[in-house]
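Here the structure is laid out as structure tokens; the discussion comes afterwards.
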Amino acid sequence: MAKNEMWGGRFDAGPSAIMERINTSVYFDRHLFAQDIAGSKAHAQMLVAQGIIETADGDAIQQGLDQILAEIEGGNFEFKSALEDIHLNIESRLRELIGDKAGRLHTGRSRNDQVATDFRLWVRDAIDALDTQLQSLQVALIDVSERHFDTLLPGFTHLQPAQPVTFGHHLLAYVEMVGRDRDRFADCRKRVNECPLGAAALAGTSFPIDRDATASALGFDRPMRNSMDAVSARDFAIEFLSAASISAVHLSRFAEEIILWNSPQFGFISLSDAFSTGSSIMPQKRNPDAAELVRGKSGRILGALHGLMVVMKGLPLAYAKDLQEDKEPVFDAADSLSLAIAALAGMASDMKINKRAMLASLASGFPTATDLADWLVRVLGLPFRDAHHATGQIVGLAEKKGCSLMDLSLEEMQTVENGITEDIYSVLTNEASTASRASFGGTSPECVLEAVAKAKERYL
Ligand code: ARG
């Protein structure tokens, strides 16, 4: 094999085939082409401004890089795995286009600061794109919440009917989670947005470079303060994957609820053909595959986070080639999360809400038992613990009789607590129950409408 044309000066022979295969990264780091070219252009411009390279050479480099960008975007660029990575592929093509002048581009930098810069630019773009998508998911959820501000269904704890809630309130819980996901990405973005360029291999450079100029040309807030940290830190990527993992867990919980609600046993919602699949053997099936895949994708996103943390944990400063393993998990997690958000937003708008099934489900499980206990406290002055006990006995009566609390007669309830009056029935309906839960952050329809208005102000 021919020796490497980019760094092979001290080598007599080229790498073995297996060396080339384990070393090459261009099949995935080609995703960084736009960031790599932007970084090189900023660097070349700074080298000219600082008088480190000639203007004519700088101009040739800029034009060559623009042409390479057009070639890659147009699908007319041949990526070569023998040239290892995206950086050397681009630099080698630049040499083909402008000759030896291309060699001046790499003055005062190294692939170590170059790749760290490219990767930070890529993660920054990914955060911005994910934020827009998460906002669209919030829009879809807020829209359904507003339309179903007073639609009743059981709220569950332990997946047992607990108390009636409004569907709008239930969905707004996810709007809050997604809001925090967006905050986490925004916070992570601050630490992503510092520029490693100019740290060179690890120690800085003897050339009179201007790191503030390249940082600001690339939209970074500042150059990174320590050159060894700049080339070896990947906590920005770990933080991105952490934020992505937490978000994926939220999406997975919502997906799980869609799967439950869409099952014939719940029947609370149905997904249209657009988001369902059939079975190849059971003709009656309509499976919520998209929701299952959102739930499943969370597994690989969490895996990406753990994978990268393990790559990092034993690395001495500064750069080591292990760091090349940082990109695939991040690319994959970003793609998976983006797809999951899009699918969930699609399902949120697509799902048909079956109010009747939700209401029917409230007929079992005595979801207004707490309201009965609260009435005993409020009207009869019982200590809550005693009220809780008496209510438990009344629930027992209804259970034995096979009816709801509403269907018990006054006399039956009075056998447990003789102070109970007709007024008790006014708190036992599901409507009365939710209407009464008007404390801040509560489920009452009135609270939901307020929360919808606030969510629109805050997130849209
Ligand atoms: N492809 C490499 C990476 O992703 C670029 C940096 C290579 N640096 C080096 N000293 N070999 O990390």
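Numerical summary
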item	result
Residue within region 308-315 that is more than 30 Å from residue 384 (Cβ to Cβ), within 16 Å of the ligand (Cβ to nearest atom), assigned to a loop (DSSP other than H, G, I, E, B) and touching a Ser or Thr at 6+ places or on another chain (Cβ under 9 Å) present	yes
Single match in 279, 232, 270, 252 (criterion: under 30 Å from residue 117 (Cβ atoms) and either in contact with a Leu (Cβ under 7 Å, 6 or more places away or on another chain) or away from the ligand (no atom under 16 Å from the Cβ) (or both))	232
Close pairs (6 angstrom Cβ cut-off, 6 or more residues apart or separate chains): farther than 20 Å from residue 322 by Cα in region 282-311, of a type in the set (Phe, Trp, Tyr) and part of a helix (DSSP H, G or I) anywhere	290/275
Candidates 355, 321, filtered to the one that is out of contact with any helix residue (DSSP H, G or I) (no Cβ under 6 Å at 6 or more places or on another chain), within 16 Å of the ligand (Cβ to nearest atom) and of a type in the set (D, E, K, R)	321
Pick from region 190-232, criterion polar (S, T, N, Q) and assigned to a helix (DSSP H, G or I), ranking: nearest to residue 36 (Cα to Cα)	214
Residue identified as crowded, with 19+ Cβ neighbours inside 10 Å, within 16 Å of the ligand (Cβ to nearest atom) and not in a loop (DSSP other than H, G, I, E, B) among 330, 294	330
Unique residue being touching a Gly at 6+ places or on another chain (Cβ under 6 Å) and under 23 Å from residue 125 (Cα atoms) when the list is 34, 38, 44	44
Counted residues, region 147-178 - those being touching a helix residue (DSSP H, G or I) at 6+ places or on another chain (Cβ under 6 Å) and outside any strand (DSSP E or B)	12
Residue within region 181-196 that is within 16 Å of the ligand (Cβ to nearest atom), touching a residue at least 24 places away in the same chain (Cβ under 8 Å), under 30 Å from residue 88 (Cβ atoms) and touching a Gly at 6+ places or on another chain (Cβ under 7 Å) present	no
Qualifying residue in region 131-146 (condition: within 13 Å of the ligand (Cβ to nearest atom) and part of a helix (DSSP H, G or I))	no
Unmet criterion (only one of (1) surrounded by fewer than 11 Cβ atoms within 10 Å (Cβ to Cβ); (2) more than 14 Å from residue 371 (Cα to Cα)) for residue 423	(2)
Test: residue 279 is among the hydroxyl-bearing types (Ser, Thr, Tyr) and assigned to a helix (DSSP H, G or I)	no
Number of positions in region 414-448 that are within 21 Å of residue 389 (Cβ to Cβ) and touching a strand residue (DSSP E or B) at 6+ places or on another chain (Cβ under 8 Å)	1
Cross-chain or 6+ apart pairs with Cβ under 6 Å, region 352-373 first and over 17 Å from residue 160 (Cβ atoms), then hydroxyl-bearing (Ser, Thr, Tyr) and outside any helix (DSSP H, G or I)	352/270; 355/151
Number of the exception - residue 314 against (1) in contact (Cβ under 8 Å) with a residue 40 or more places away in the chain; (2) over 22 Å from the mean Cα position of the chain (by Cα)	(1)
Only listed residue being among the polar types (S, T, N, Q) and buried (at least 20 other Cβ atoms within 10 Å of the Cβ), chosen from 391, 370, 415	391
Residue in region 62-75 that is within 21 Å of residue 219 (Cβ to Cβ) and not in a helix (DSSP H, G or I) present	no
Where residue 99 falls short, out of the listed (1) without any contact (Cβ under 8 Å) to a residue 12 or more places away in the chain; (2) surrounded by 23 or more Cβ atoms within 10 Å (Cβ to Cβ)	(2)
Selection within region 228-271 - among the polar types (S, T, N, Q) and either farther than 19 Å from residue 322 by Cβ or surrounded by fewer than 18 Cβ atoms within 10 Å (Cβ to Cβ) (or both)	242, 245, 247, 252, 262, 263, 265, 270
Residues satisfying the stated conditions in region 22-40, i.e. free of Cβ contacts under 8 Å to residues at least 60 places away in the same chain and either surrounded by fewer than 19 Cβ atoms within 10 Å (Cβ to Cβ) or part of a loop (DSSP other than H, G, I, E, B) (or both)	22, 27, 30, 34
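Every residue, every condition in (1) touching a Pro at 6+ places or on another chain (Cβ under 9 Å); (2) modelled with pLDDT of 95 or more; (3) surrounded by fewer than 20 Cβ atoms within 10 Å (Cβ to Cβ), yes or no:
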position: 42; (1), (2), (3): no, yes, no
position: 50; (1), (2), (3): yes, yes, yes
position: 59; (1), (2), (3): no, yes, yes
position: 64; (1), (2), (3): no, yes, no
position: 70; (1), (2), (3): no, yes, yes
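The values are calculated or read from the model by the stated rules, or taken from the named source; none is laboratory data. This structure is a prediction, so every number in the text was calculated from the model and none was measured. All Cβ positions, even for glycine, are placed from backbone atoms using ideal geometry, and neighbour counts span all protein chains on display.
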